[in-house]
Structure formats: C-alpha cells, structure tokens
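Below: the structure, in structure tokens.
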Amino acid sequence: MSRVEARNLWKIYPGDVVGVKNLSFVCEDKEFLAVLGPSGSGKSSTLRMLAGLEEISKGELLFDGRVVNHLSPAERNVALAFESYALYYRLSVYENIAFPLRARGLKGPEVDKRVKEIAELMELTPHLKKRPGSLPGGLQQRVSLARALVRKPNVTLLDEPISHMDQQVRHEIRARIRHLHDELGLTTIYVTHDQAEAIALCDRMLIIHQGELQQIGTVEEIWNYPANKFVAYFVGEPAMNFIPALAKGTNQIVIPGETEEFLFTFEGEVDPKYVDSQVELGIRPQQIEVSRERKVANSVSGTVKILEFQGDKVVLTVSLDDQPRSEVKAVVAAQERYQEGERVWLYFPPPVIHIFVEDLPIIHREKP
Ligand code: ADP
Ligand code: MG
C-alpha cells in the first residue's frame with residue numbers, strides 16, 4: 001500500500017516567498033497522478049516536499065496514514081527522477097541499475113533477478129553490458145528510469161523527467177513510464193507543464209496555479225466541469241474561447257451585436273439573480289460546429305481570418321460579425337476546405353456551453 005495524503009501543505013521560502021499555499025490532496029495507492037501547472041506554480045516545491053528534499057513549512061504529509069514529515073527521503077522509500085539525470089558513466093548499464101539495490105545491502109542473486117526483471121520491462125536487456133555513454137539519449141533516459149524504479153519504491157516522484165527530450169523520444173518514453181507503472185503496481189506522482197503529456201499518462205490530474213490547488217479530477221471531469229476560468233483556459237489546446245454576453249433568462253444568453261442579437265440556449269440553469277447581468281460565454285474550439293449555412297438557433301456569424309493547418313485538422317480564427325473585437329477559434333476537419341475571408345456560421349451545442357461570472361462557472365448542470 002502507498003497512499004499519499006497532503007494536508008494543508010505550505011512551502012514558505014526565506015523572505016516570505018510562498019511556493020505552495022495550503023495544498024491538500026490524495027493520491028490513491030497505484031494511482032498515476034499528474035501535477036500540471038504553468039512555470040513557477042509550485043509543482044517542484046510540492047514534489048520536493050513529498051520527496052523529503054525540502055522541509056514542509058506547515059501542514060502534514062501522510063504515507064498510508066502515517067505522518068512522514070520528519071522522515072528522510074530514504075526512510076520514505078520514494079524514487080525520484082528529475083529532468084537532469086546523472087548516470088555513472090564509468091559503470092555498465094547493469095551496474096548503474098544495480099547501484100541502488102547494492103546501496104541497500106542486497107546481494108548477488110537477488111540483485112541479478114531485480115536488475116534483469118526491470119531491464120526486460122524497459123527493453124534494456126541487450127544493452128546491460130554497455131556503458132551508458134555509448135547509448136543515445138532516449139536509451140540513457142530509460143536506464144535512468146530503470147535505476148530510479150528498480151527498488152520498487154513506495155511512491156515514484158517524477159519532475160518533468162522527459163521535457164528536455166525530442167518529441168519522438170518523449171512519446172516512446174512516456175508510454176514506457178505508464179507501462180512500468182502498471183506492470184510494477186507503482187504509485188506515481190508526475191510533474192509536468194505539458195498538458196498533452198499529463199492527459200496521455202494520468203488517471204487523474206491536479207491543476208496548480210500560484211501555489212494553490214485549482215482542481216483535481218479525471219481528464220473528463222476537468223474538461224467538462226472546470227472549477228474556474230483558469231482551469232477552463234489552461235486545459236485544452238487550442239484554449240477555450242471566452243465571449244462577453246448577457247444572461248437573458250436562467251437558460252438563455254445573448255451575444256449582443258451592433259445590428260443583431262445572437263441568442264443561445266444552454267443545458268442546465270443559472271441562478272435567477274444573474275438574469276440581465278454581464279457574463280462570459282465559454283466554448284471550446286473543438287466543440288464548435290462550423291458551417292456555411294445558418295443553423296436555426298445557437299449560432300453566430302463571422303469571417304475566417306486565419307487558418308492553421310494541423311494534419312487532418314484546421315484551426316480557424318474567426319472574427320465575429322457585428323463584434324469588432326471578438327475572435328473565436330474553431331477546429332474543423334481539413335477536408336472542409338474553408339478559405340480565408342469566407343463567411344461562416346458557428347453553432348454552439350447547448351450541452352457544451354460554459355458560463356462564467358468573476359472567473360467562476362455558474363451553470364448548474366446534472367453530471368451524467
Ligand atoms: P514550478 O516547479 O511549478 O515551476 P516551483 O515550485 O519551482 O514552481 O516554484 C514555485 C515558487 O517558489 C516560484 O515563485 C519560485 O520562484 C519560488 N521558489 C522555488 N524554489 C525557491 C527557493 N529555493 N527559494 C526561494 N523561492 C523559491
Ligand atoms: Mg519545476
């Protein structure tokens with residue numbers, strides 16, 4: 001068992017610099033939790049407190065219900081891999097992987113069994129006798145991960161372990177990390193600023209901003225029910241669009257134009273106190289339906305300004321007619337062949353409309 005629980009963790013650096021602010025969360029046994037946030041949001045500070053490399057300023061950290069605040073990294077039995085990894089270049093790959101086991105007093109046959117087992121999982125068997133310096137970067141990274149994980153840690157902590165690698169190698173290594181997590185039954189906390197990486201790897205993700213927890217949940221929960229405008233904007237590529245609008249009723253809003261009003265009905269309801277007040281309509285580019293003809297309702301017209309080709313998809317930047325300052329991004333299939341300057345209609349399906357007031361979502365919607 002290795003359940004990690006953070007209770008009101010604070011990291012306050014000298015000079016009252018707050019790195020982490022009152023952070024509480026649980027990572028369940030065998031869970032893969034991604035910690036996602038922009039640069040400087042407190043990800044590394046959090047991970048270093050979990051690892052025991054950084055003192056916890058306030059709060060409690062529990063492993064399997066036991067407070068571990070005052071235990072050293074070794075006593076916590078955590079594995080750590082950071083972006084900069086240092087292999088022992090004078091030793092063979094085998095000896096590099098064996099190192100943490102020998103350091104713990106394990107002997108011959110037991111070491112051999114564990115090294116060969118993890119080498120097999122990481123497909124390093126043909127390289128065991130080589131020196132790490134003779135291997136390409138991706139393979140070296142695999143050796144480094146094998147070394148971090150060979151002692152079957154209680155908790156595996158990874159801080160942007162592959163962010164400096166080429167795109168190609170990154171995809172391969174991240175698939176291996178997840179494979180290893182599943183095969184060895186690990187509990188993994190993985191820090192990244194790359195949402196695609198977090199989405200590809202995690203069971204749940206924790207979003208952090210300015211040292212504070214924003215939301216923790218599955219990718220679906222975060223995508224469909226963002227806790228605030230920061231999360232709504234931060235997760236999703238291209239990011240969610242926000243358009244100034246006016247609440248007309250508890251399930252209707254309008255985007256006012258110079259010559260026409262565009263009426264939108266949404267699923268769910270807002271509190272009647274918001275009726276007639278200024279709101280922001282949020283809609284994801286991937287959920288807008290673009291067409292050349294007007295749909296009956298829930299649509300607004302615009303002109304295509306920019307096309308960004310992304311393989312079989314195109315991101316359109318559309319400036320809304322009647323809304324001189326509003327631009328909306330929408331993702332369409334490349335075979336639709338939209339052109340710059342073309343007039344289009346954007347349909348916003350009622351179930352995927354978000355509404356925010358002062359950065360918070362206000363629609364009450366039944367979760368399926
Ligand atoms: P992230 O890993 O998300 O980029 P960090 O945890 O490294 O963020 O940093 C969070 C905040 O704490 C930042 O404002 C950073 O400047 C500050 N910080 C991090 N480490 C130290 C330190 N050793 N001393 C002082 N401030 C620090
Ligand atoms: Mg960091």
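The values are calculated or read from the model by the stated rules, or taken from the named source; none is laboratory data. Everything numeric in this text was worked out from a predicted model, so none of it was measured. Positions of Cβ are generated from backbone atoms using ideal geometry, with glycine treated the same way; all protein chains shown enter the neighbour counts.
Could you go through segment 77-85 and let me know if any residue there is more than 13 Å from ligand 2 (Cβ to nearest atom) and within 17 Å of the chain's Cα centre (by Cα). No; the residues of segment 77-85 include none that is more than 13 Å from ligand 2 (Cβ to nearest atom) and within 17 Å of the chain's Cα centre (by Cα).
Go through segment 234-266 residue by residue and tally those that are farther than 25 Å from residue 216 by Cβ and either hydroxyl-bearing (Ser, Thr, Tyr) or assigned to a loop (DSSP other than H, G, I, E, B) (or both). So the count comes out to 8. In this entry, residue 86 passes the filter for residues that are exposed (fewer than 13 other Cβ atoms within 10 Å of the Cβ), assigned to a loop (DSSP other than H, G, I, E, B) and among the aliphatic types (A, V, I, L, M).
Within segment 64-80, is there a residue that is assigned by TED's automatic domain parsing to the domain that holds residue 133, of a type in the set (Lys, Arg) and more than 21 Å from residue 14 (Cβ to Cβ)? Yes, there is a match, as at least one residue in segment 64-80 is assigned by TED's automatic domain parsing to the domain that holds residue 133, of a type in the set (Lys, Arg) and more than 21 Å from residue 14 (Cβ to Cβ). In segment 156-176 there is no residue that is within 16 Å of ligand 2 (Cβ to nearest atom) and in a helix (DSSP H, G or I). Residues in segment 41-55 that are within 9 Å of ligand 2 (Cβ to nearest atom) and among the small types (Gly, Ala, Ser): 41, 42, 44, 45. Given the structure, is residue 145 modelled with pLDDT under 90 and either within 16 Å of ligand 1 (Cβ to nearest atom) or touching a strand residue (DSSP E or B) at 6+ places or on another chain (Cβ under 9 Å) (or both)? Considered against the rule, which asks whether it is modelled with pLDDT under 90 and either within 16 Å of ligand 1 (Cβ to nearest atom) or touching a strand residue (DSSP E or B) at 6+ places or on another chain (Cβ under 9 Å) (or both), residue 145 comes out as yes. For segment 93-113, indicate whether the set of residues that are in the same structural domain as residue 180 (by TED's automatic domain parsing), touching an Asp or Glu at 6+ places or on another chain (Cβ under 7 Å) and either surrounded by fewer than 21 Cβ atoms within 10 Å (Cβ to Cβ) or not basic (Lys, Arg) (or both) is non-empty. No: zero hits. Which of the residues spanning segment 191-211 are within 16 Å of ligand 2 (Cβ to nearest atom) and more than 9 Å from the chain's Cα centre (by Cα)? Listed by number, the residues that qualify are 208, 209, 210, 211.
One residue stands out among those in segment 155-170 that are more than 16 Å from ligand 1 (Cβ to nearest atom) and modelled with pLDDT of 85 or more: the one that is farthest from residue 202 (Cα to Cα), which is 155. Say we look at segment 304-331 and pick out the residues that are in contact (Cβ under 8 Å) with a residue 12 or more places away in the chain and among the charged types (D, E, K, R); which of these is surrounded by the fewest Cβ atoms within 10 Å (Cβ to Cβ)? Once the filter is applied, the top-ranked residue is 312. Restricted to segment 39-62, and to residues that are at positive phi and more than 10 Å from ligand 1 (Cβ to nearest atom), which residue is surrounded by the most Cβ atoms within 10 Å (Cβ to Cβ)? Going through the qualifying residues, I end up with 52. Counting the residues of segment 216-234 that are surrounded by fewer than 22 Cβ atoms within 10 Å (Cβ to Cβ), closer than 23 Å to residue 351 by Cβ and touching a Leu at 6+ places or on another chain (Cβ under 9 Å) gives 4.
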